[in-house]
Amino acid sequence: MLNAASAERRLPAQGLGLPLVFHPRLDSTNSLAAELATAGAPHGTLVVAEEQTAGRGRHGRGWSTPPGSALAFSLILRPALPGGEARSRQLAAFNLVGAVALAEALEDLGARPAIKWPNDVLLSDRKVAGVLIEVSWVDQAIDSLVLGVGLNVYAEAEPPEAEVDYPATSVEAAIGFRPSREDLLVQIVGRIGSHCQRIDPPAIMAEVNQRLAFCGRRVSVRSGVKTWQGVLLAIGEGGEIILDVPGEGEVRIAGSDPHLRPLDVHTG
Ligand code: BTN
């Protein structure tokens, strides 16, 4: 079991992580964090569960968190956001902070993570972590963000192939040893904290592009009812996927969460 008291002594990290709300078993850390945020919990509140019984992923998918082998946590953020256009750019950047922080923490362990647009983290083309960010509005203003992170740390956390829409892996499988979940938790929270202190949309986008999964490889991208196939070049400043499509040249595909898959599958 994760030692919550020991983790708590190492927090806050870069301004985030306290109070720490730990539960051995929860339906979803994002759901509890959203309830706590509505009840007024402060910026930086961290909700951690050893096991989730109804963990949630993007697009209404589930997220499995078996006990003893994974990390599942959610942070309540109450950033001071500007108004207008700048607000949507900053909000979009918050959506990327979790994946960049995860990638940095995994790099510290000697792994070579890639970010599958927009915010999945891959190791050897397999998904090791996912991020679910949920925004709570009051009138026209953002009251809080809940940034949820799920990470398969040990091999036992890898969901069976039949249960996922993308092949999964674990940190252990990639680095060949069992890292401390407590260390990873503190590291990732601290990395998120330091990005949140100076949220800079172009800088975050550059961090994503540096680690962009399938860059230079043939991919298929589905957005709405249309599908493109081409070589992935980069993600543009506004979050558009930039492809080199045979016969068409450079194509920019916008859309909030397009379906992106490599065509030259070489997982393993
Ligand atoms: C995805 O890849 O679809 C996002 C997965 C996000 C899972 C995490 S686990 C902690 C937090 N609580 C949830 O219910 N979901 C997020």
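The values are calculated or read from the model by the stated rules, or taken from the named source; none is laboratory data. Computed from a prediction, not measured in an experiment: that's the story for all the values here. Positions of Cβ are generated from backbone atoms using ideal geometry, with glycine treated the same way; all protein chains shown enter the neighbour counts.
The table that follows gives values for the structure above.
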{"item": "Single residue of region 114-131 satisfying the filter (under 8 Å from the mean Cα position of the chain (by Cα) and of a type outside the set (A, V, I, L, M, F, W, C)) that is nearest to G255 (Cα to Cα)", "result": "N119"}
{"item": "Residue satisfying all of: in region 121-147; without any contact (Cβ under 8 Å) to a residue 60 or more places away in the chain and buried (at least 16 other Cβ atoms within 10 Å of the Cβ); farthest from F73 (Cα to Cα) among these", "result": "L123"}
{"item": "Conditions (1) under 23 Å from Y154 (Cβ atoms); (2) within 8 Å of the ligand (Cβ to nearest atom); (3) surrounded by fewer than 21 Cβ atoms within 10 Å (Cβ to Cβ); number of the one not met by S64", "result": "(2)"}
{"item": "Answer residue from region 33-82, given it is of a type in the set (A, V, I, L, M) and in contact with a Gly (Cβ under 6 Å, 6 or more places away or on another chain) and is farthest from P118 (Cα to Cα) among those", "result": "L46"}
{"item": "P160 being closer than 21 Å to S69 by Cβ and at pLDDT below 95", "result": "yes"}
{"item": "Flag if A49 is in contact (Cβ under 8 Å) with a residue 24 or more places away in the chain, buried (at least 18 other Cβ atoms within 10 Å of the Cβ) and in contact with a His (Cβ under 6 Å, 6 or more places away or on another chain)", "result": "yes"}
{"item": "Qualifying positions in region 18-37 - in a loop (DSSP other than H, G, I, E, B) and either of a type in the set (F, W, Y) or more than 10 Å from the ligand (Cβ to nearest atom) (or both)", "result": "L18, P19"}
{"item": "All positions within region 67-100 that are in contact (Cβ under 8 Å) with a residue 40 or more places away in the chain and more than 18 Å from N30 (Cα to Cα)", "result": "G68, S69, L81, R87, R89, Q90, A92, A93, V100"}
{"item": "The lone exception for A37 - which of (1) closer than 16 Å to G130 by Cα; (2) crowded, with 21+ Cβ neighbours inside 10 Å it fails", "result": "(1)"}
{"item": "Residue tally, condition part of a loop (DSSP other than H, G, I, E, B), touching a Ser or Thr at 6+ places or on another chain (Cβ under 8 Å) and modelled with pLDDT of 95 or more, over region 215-266", "result": "1"}
{"item": "Single match in A206, A162 (criterion: under 15 Å from V97 (Cβ atoms) and surrounded by fewer than 19 Cβ atoms within 10 Å (Cβ to Cβ))", "result": "A206"}
{"item": "Selection from region 69-91 of residues that are at pLDDT 95 or above and out of contact with any Asp or Glu (no Cβ under 7 Å at 6 or more places or on another chain)", "result": "A70, L71, A72, F73, S74, L75, I76, L77, R78"}
{"item": "Considering residues of region 44-61 that are among the polar types (S, T, N, Q) and more than 8 Å from the ligand (Cβ to nearest atom) only, the residue farthest from H195 (Cα to Cα)", "result": "T53"}
